[in-house]
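Chemist: This is the structure, below, for whatever I ask next.
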Amino acid sequence: MQIGAQLYTVRDYTQNPADFAETLRKVAAIGYKTVQVSGTCPFEAAWLRDLLAETGLSCVITHTNPDRVAYDTERVIEEHRTFGCEYIGIGSMPWGLASNPAGLDAFVEVFSEPARKIQDAGMKLMYHNHGFEFEKAGGITLLERLAGAFPADLMGFTLDSYWVQYGGGDPAEWAEKLAGRIDCVHVKDMKVAGGKPQMAYIGEGNINFKRFLAACQAGGTRFVLVEQDDCGGADPFSCLAKSRETLLKMGLE
């Protein structure tokens, strides 16, 4: 498994092309070789391709506007092909569908055909969880229903360690449940401060990453992407570096 940086961690430093370029250089200088592109300013695919080549980075997955994934699928595929990215990600359940009883059916109806087109292009659609997917209806979580609605070869899951635990699940157990569908995962730790859960860099919190990463390895994970949405006022580049140091000590590359 290879360590990568989820650029959403440093999204405040990617909101124009000059800052985005400098951020990629900083991420490469930390030692990262792979990134997920998410939360950035708009960019041309060829521009990103050239910048990745300059910095020695590769983009392995994105979070792409779900409107574009659904209704501009061919162009999204071509863009990802241009900058060499295999996984096209959706960051959450869009359009308020999570709060709609019929939302899952609508999601499946909209994204089934784009998922097939993405598969035909040799790529894969990936869905990233938060905490709400662990709410149960009839004893079954939304995440389980979502996994059952799409064949494994059509949609994978960018399983997020923090949000699984936030939702009341065990990250390792969910990695086992979704084995074969977790090519990419997000890792951030969870600590408790003032009686409330907070995001933390790897090693600062309480998630059992030894178990989680072992389950990911067994489940076919290729890319372990460090993401810390909220660094609590700390420098996000420093948080990326600290998490990477911890993961290196755990045997990742």
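A short reminder: the numbers here are calculations on the coordinates, not readings from a lab. Quick caveat: nothing in here was measured; it's all calculated off a predicted structure. Heads up, the Cβs are rebuilt from the backbone with ideal geometry, glycines too, and the neighbour counts pull from every protein chain shown.
Chemist: If R₀ is 30 angstrom, what is the calculated FRET efficiency for the pair ALA46 and GLN119, using the beta carbon separation as r and rounding to 0.05? Write out the running numbers ahead of the final one.
Modeler: Numbers: r = 25 Å, r/R0 = 0.82.
E between ALA46 and GLN119, to the nearest 0.05, is 0.75.
Chemist: For the chain, I need the span (max minus min coordinate) of the C-alpha atoms along each principal axis, in Å, sorted largest to smallest.
Modeler: 47, 45, 31
Chemist: Starting from the amide H of ILE202, placed 1.01 Å from N in the peptide plane, find each other amide H under 5 Å away whose residue is 5 or more places distant or on another chain.
Modeler: Hits under the 5 Å cutoff: ASP189, SER243.
Chemist: What GluC sites (Glu not before Pro) in the range 81-186 are in a loop by DSSP, with at most 14 other Cβ atoms within 10 Å of the Cβ?
Modeler: Values: sites: GLU86, GLU109, GLU133, GLU135, GLU144, GLU173, GLU176; in loops: GLU86, GLU135.
Loop-located and lightly packed - GLU135.
Chemist: Check cross-link reach from LYS124 to the lysines: straight Cα distance under 20 Å, and skip same-chain residues fewer than eight apart.
Modeler: Cα-Cα hits under 20 Å: LYS177.
Chemist: Okay, moving on. With both partners inside the chain, how many of the DSSP beta bridges are antiparallel, as a percent to the nearest 5? The partial results should precede the final answer.
Modeler: Values: 7 of 35 bridges.
Among the beta bridges of the chain, antiparallel pairing accounts for roughly 20 percent.
Chemist: Return the sequence-ordered ³J(HN,Hα) values of the range 85-94 in whole Hz as given by the Karplus equation 6.51 cos²θ - 1.76 cosθ + 1.60 applied to θ = phi - 60°, using x for Gly and Pro.
Modeler: Working through the residues one at a time gives 10, 8, 10, 10, x, 10, x, 5, 5, x Hz.
Chemist: Right, here's the next one. May I ask which of LYS26/LYS249; LYS136/LYS242; LYS191/LYS249 have a Cα-Cα span longer than 28 Å here? Kindly include the intermediate steps, with their values, before the conclusion.
Modeler: On the way: LYS26/LYS249 21 Å; LYS136/LYS242 35 Å; LYS191/LYS249 20 Å.
Table pairs above 28 Å Cα-Cα are LYS136/LYS242.
Chemist: Rounded to the nearest 500, what is the 222 nm mean residue ellipticity of the chain from helices alone, with -39500 (n - 2.57) per DSSP H run of 4+ residues and division by all residues? Walk me through the intermediate numbers first.
Modeler: On the way: 10 runs with 104 residues, N = 253.
-12000 deg cm²/dmol, from helical runs alone.
Chemist: Let me ask you something else. If I take every Cα pair under 8 Å that is 6 or more residues apart in the chain, average their sequence separation and divide by the length, what percent do I get for the relative contact order? Before the final figure, lay out the partial values.
Modeler: Details: 459 pairs, mean separation 49.2, N = 253.
Taking the mean separation of contacting Cα pairs over the length of the chain, I get 19 percent.
Chemist: Quick one: Karplus J couplings for the range 100-117, per residue in order, coefficients 6.51, -1.76, 1.60, θ = phi - 60°, nearest Hz, x for Gly and Pro?
Modeler: Each residue of the range 100-117 in turn: 9, x, 9, x, 5, 4, 5, 4, 4, 4, 6, 9, 5, 5, x, 4, 5, 5 Hz.
Chemist: Any chance you could run the full-extension gain for ALA18 through ASP105? It's 0.36 nm times the residue separation minus the Cα-Cα distance, nm to one decimal. Before the final figure, lay out each step's value.
Modeler: On the way: separation 87, 0.36 × 87 = 31.32 nm, distance 4.12 nm.
Between ALA18 and ASP105, full extension yields 27.2 nm more.
Chemist: Still on this model: Set Lys and Arg Cβ to +1 and Asp and Glu Cβ to -1, take the dipole of the range 2-249 about its Cα centre, and tell me which of GLY205, ILE90, LEU240 lies farthest positive.
Modeler: Farthest towards the positive pole: GLY205.
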